[in-house]
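The values are calculated or read from the model by the stated rules, or taken from the named source; none is laboratory data. What you are looking at is a predicted structure, and each value in this text was computed from that prediction instead of being measured. Every residue, glycine as well, gets a Cβ built from its backbone with ideal geometry; the counts of neighbours run over all protein chains shown. In case anyone asks, the SASA skips ligands and DNA or RNA and just uses the protein heavy atoms, side chains included. Shrake-Rupley method; radii C 1.70, N 1.55, O 1.52, S 1.80 Å.
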Amino acid sequence: MLKFIRKPLLMLLLFPLGLFAQNEKLTVSGYVKDNKNGEGLIGASVFVKELLTGTTTNTYGFYSLTLPKGNYTLVISSVGYRKSIREVKLADQNVTLNLEVQEDGQELEEVVVKGKRDDDNVKQLEMSVNKVEMKTIKKIPALLGEVDLVRAIQLLPGVSTVGEGATGFNVRGGAVDQNLVLLDDAPVYNSSHLFGFFSIFNPDAVKDVKLIKGGIPAQYGGRASSILDVRMKEGNAKQLEVNGGIGFIFSRLSIEAPIVKDKASFIVAARRSYADILAKPFLTGNNANTKFNFYDLTAKVNYNINQNNTVFLSGYFGRDVFGNTFGFNWGNSTVSARWNHVFSSKLFLNTTAFYSNYDYLLDSDLENKKPNNRFRWTSNIENLSIKPDFTYYISPNNTLTFGGQVLTYSFTPGSATASSNGDARSFGAPPKDAVEYSAYVGDEWKVSPKLSLQYGIRFSKYDYKSSEDVYYVRRFVGISDAFPSGYALDAKVNDPTKVLQSYQNFEPRFNAKLETGENSSVKASYNRMTQYIHLMSNTAAATPLDVWTSSTNNIKPQIVDQVALGYFKNFGDNEYETSLEVYYKDMQNQIDYADRANLFLNPTFEKDLLFGKGRAYGLELFIKKNKGKLTGWTSYTLARTERQVDGLNNGNWYPNRFDRTHTLNIVAQYELNKKWNFGANFAYISGVPYSLPARQGDYQGFTYGITESGVRGNVRVPAYNRLDVSATKKNKKALFGKGESEWVFSIYNLYNKRNPFSIYTQPVDNKTTTTTTAEDYQLIKNEAVRLSIIGSLIPSVTYNFKF
């Protein structure tokens, strides 16, 4: 099919170039920044009053407008900032015009999206996108009062999780590993601390959050379902700024300041939990030295060399530690180096090089007291990449983007060493290496005042190598106790220096917007996404010890095609914004697991995998109130996600383990006065599918559950519902009589709901005698038990300060 669409798509890409390559024009360009801290504003509007046209700033606050010669009035606007008006004269040369805008105190108290106009949801071309500003996220009631970016996006339509304490999130029926989580362009492979209760993102260091669920632009690739693009602050380029907070579970502190005023700045932000320190006086015996904490450090520095060149260096380093003598730890590390270069007033380049690593360690002797009798298990995934991205501003109505990426992967799925009396034995899954190459081109074209198009294509190539002298080929042998998947592996001779398997894919992208009225529009999108890496997990929820692995000669890349259609309308002078979207996903090469699959430290785990297809479809409703003392939103999702895999469920479609039919979230924030504001959020979510024994067997007086082979999701966990509330009291002064501060009082799970996370069976002993005869044990039966992660309300108090 792709060969038939390549030529028309290429013509469509090139047509606008010729259309606007006429008449002598000049360009005004520059940066739009916050006048208080020098941060570039993302998505700020620069509107030409005389021509009724304009543009928005890019990720770094850069804008470019190519116009006929003349005098113009530029109107710069962002919700949360005062409108700014500047005159510009284009006579005989291009003009560089840097702009600074001032925060609007009144709008800052509202639920706002930074750099976003009131009617953006109607006028902007993109759909299936949510941009939530940190000021909004900080007002949402949170577990133990700690602001959490990942938990906040789970309140948006199309986003869910398998339960409380689960790592990661699911978007439109996609698995946890199908979300590309980026921190300053570097991928993050585990976005959670403390088994999913908190995210790794320090709220004091985050500048912008953007979730893309559909209509994904061509510059993004590598995951099948969504993009969570998190941008860090650059650091205050005007003056010293200190932010921090002290809570029940951890404290945080950030420092940002200019190195050279208006040219170079930095930010350093750190967090550390101290539950183990507070609990230490109460721990005795073998638990006396137990550690359970997490910490992270986020840092960034930037230097504006001149008008055309700016460089950035940022990094994240975080770790979770759990255990005493026996325990484990895990964490992410990322480093990103970026160079912004303005070739001309119309051509902008951002080049990014990054390093990313996720690893975990499980050790029976963390304190290294018995090195001769020890079990040690490690696993990691590591990336190196370089990625140039170009933006060419053809005209106010046409913007071309193009670029490419080289991304290397190094996988250690699992390596273990067991020592006994000094004798050591090593085993596990062999390391894997791969390189992913990609190139893309995309165009955003405003065809008419009412019709806009965005279209492009991405090409990706993936080369996989095995470091072993042998590789394995799957062979069907029939389902049996020895081969529950029905497949065996045959060993073949391998040359580790050569590419063992190569995949190539074209990924077309398309968006369209048609304005149907002054405050309404219809939007449609299509995207194909290819994913070459996979998270091996056959538990109810992803865990830090799950295994990342590569596409191989046995594991094909996942390919997902998604179409979406939406209607967007605003009411009451944009006080209310609404949207209704429907989507359908077709998923190829989806992975499931045979009964009793062994995924850990198993060099032949590929024989336990099963492959099939998937589908996901749904409806998303979003209603948001932007203005007034009472603000917030309501989101509702009606969805279904299913799979069909040979060897499971008799070959019939079955619900995926993260399928939720109904998801309702209500978020409300009320500003009583300048001193007090209140927040609440309510969630109602249908239960996820679960597999339970359908009948019981009896053996020598014992009963046990019997689950039919290949059965998936034969019952559902009961529905989940929860109410959280918070109250924030602002103080006139902070520490040492300077700055500002606030107290945040919150209650998580206000009405003490014991929401089930999963269901399992266990024996119940009803015998009434103290003897242990077989007759007594015949009274032992099995019962279904609901497991709740959080079974009570959780109050908290947090003190935040800024100066």
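Within region 213-226, not a single residue is basic (Lys, Arg), closer than 29 Å to residue 263 by Cα and part of a loop (DSSP other than H, G, I, E, B).
Looking at region 365-372, is at least one residue crowded, with 19+ Cβ neighbours inside 10 Å, in a loop (DSSP other than H, G, I, E, B) and either of a type in the set (S, T, N, Q) or touching a residue at least 12 places away in the same chain (Cβ under 8 Å) (or both)? Step through it out loud before you land on a result.
Let us first name the residues in region 365-372 that are crowded, with 19+ Cβ neighbours inside 10 Å, namely 366.
Now restrict to residues that are in a loop (DSSP other than H, G, I, E, B): 366.
Checking which are either of a type in the set (S, T, N, Q) or touching a residue at least 12 places away in the same chain (Cβ under 8 Å) (or both) leaves us with 366.
Yes, region 365-372 contains at least one residue that is crowded, with 19+ Cβ neighbours inside 10 Å, in a loop (DSSP other than H, G, I, E, B) and either of a type in the set (S, T, N, Q) or touching a residue at least 12 places away in the same chain (Cβ under 8 Å) (or both).
Kindly indicate the residue of region 412-447 that is in a strand (DSSP E or B) and in contact with an Asp or Glu (Cβ under 7 Å, 6 or more places away or on another chain) and also most open to solvent (accessible area, probe 1.4 Å) among those meeting that condition. Per the stated criteria, the residue is 435.
Only one of the numbered conditions (1) modelled with pLDDT under 95; (2) out of contact with any Gly (no Cβ under 8 Å at 6 or more places or on another chain) is not met by residue 665, and that is (1). Just to be sure before I move on: is residue 776 surrounded by 14 or more Cβ atoms within 10 Å (Cβ to Cβ), at pLDDT below 85 and of a type in the set (D, E, K, R) in the structure I sent? Spelling it out, residue 776 is indeed surrounded by 14 or more Cβ atoms within 10 Å (Cβ to Cβ), at pLDDT below 85 and of a type in the set (D, E, K, R). Taking (1) crowded, with 17+ Cβ neighbours inside 10 Å; (2) out of contact with any Lys or Arg (no Cβ under 9 Å at 6 or more places or on another chain); (3) among the charged types (D, E, K, R) in turn, residue 474 satisfies each apart from (2).
In this structure, does residue 227 turn out to be among the hydrophobic types (A, V, I, L, M, F, W, C), surrounded by fewer than 24 Cβ atoms within 10 Å (Cβ to Cβ), farther than 18 Å from residue 357 by Cβ and at pLDDT 95 or above? Outline the logic, then answer.
On the way: among the hydrophobic types (A, V, I, L, M, F, W, C): yes; surrounded by fewer than 24 Cβ atoms within 10 Å (Cβ to Cβ): yes; farther than 18 Å from residue 357 by Cβ: yes; at pLDDT 95 or above: yes.
Judged against the criteria, residue 227 is a match.
Evaluation of residue 518 against the conditions (1) touching a residue at least 40 places away in the same chain (Cβ under 8 Å); (2) surrounded by fewer than 16 Cβ atoms within 10 Å (Cβ to Cβ) shows that the sole unmet condition is (1). If the condition is being crowded, with 22+ Cβ neighbours inside 10 Å and charged (D, E, K, R), then region 643-675 contributes 643, 657, 659, 660.
Consider residue 464 carefully, then state whether it is assigned to a strand (DSSP E or B) and buried (at least 21 other Cβ atoms within 10 Å of the Cβ). Reasoning before the result, please.
On the way: assigned to a strand (DSSP E or B): yes; buried (at least 21 other Cβ atoms within 10 Å of the Cβ): yes.
Taking the combined requirement at face value, the residue satisfies it.
With the condition kept exactly as written, say whether any residue in region 385-393 is over 30 Å from residue 315 (Cα atoms) and either touching a strand residue (DSSP E or B) at 6+ places or on another chain (Cβ under 7 Å) or charged (D, E, K, R) (or both). Can you show your working first?
To start, the set of residues in region 385-393 that are over 30 Å from residue 315 (Cα atoms) comprises 393.
Cutting the leftovers down to either touching a strand residue (DSSP E or B) at 6+ places or on another chain (Cβ under 7 Å) or charged (D, E, K, R) (or both) gives us 393.
Yes: one or more hits.
Take the residues in region 167-214 that are aliphatic (A, V, I, L, M) and closer than 15 Å to residue 320 by Cβ, then tell me which one is most open to solvent (accessible area, probe 1.4 Å). Ranking the qualifying residues of region 167-214, first place goes to 194. Picking from residues in region 106-131 that are modelled with pLDDT of 50 or more and of a type in the set (A, V, I, L, M, F, W, C), the one that is nearest to residue 54 (Cα to Cα) is 125. On the stretch given as region 497-514, residues that are open to solvent by 50 Å² or more (accessible area, probe 1.4 Å) and either at pLDDT below 90 or outside any strand (DSSP E or B) (or both) total 3.
Of all the listed residues (242, 181), the sole one being within 13 Å of the chain's Cα centre (by Cα) and in a strand (DSSP E or B) is 181. Just the residues that are of a type in the set (A, V, I, L, M, F, W, C), within 18 Å of the chain's Cα centre (by Cα) and not in a loop (DSSP other than H, G, I, E, B), please, taken from region 115-161. Hits for region 115-161 are 129, 134, 137, 149, 150, 152, 153, 159. Each residue in region 448-457 was checked for being within 30 Å of residue 550 (Cβ to Cβ) and open to solvent by less than 10 Å² (accessible area, probe 1.4 Å), and 1 pass.
Scanning region 477-496 for residues that are out of contact with any Ser or Thr (no Cβ under 6 Å at 6 or more places or on another chain) and either surrounded by 13 or more Cβ atoms within 10 Å (Cβ to Cβ) or part of a strand (DSSP E or B) (or both) yields 477, 479, 483, 484, 485, 486, 487, 488, 490, 491, 492, 493. Of 631, 637, all but one fail to be touching a Gly at 6+ places or on another chain (Cβ under 9 Å), part of a strand (DSSP E or B) and of a type in the set (Val, Ile, Thr); the exception is 637.
Step by step: first the residues of region 249-264, then only those that are touching a helix residue (DSSP H, G or I) at 6+ places or on another chain (Cβ under 7 Å) and part of a strand (DSSP E or B), then the one that is least open to solvent (accessible area, probe 1.4 Å). Which residue is that? For region 249-264, the residue satisfying everything is 254.
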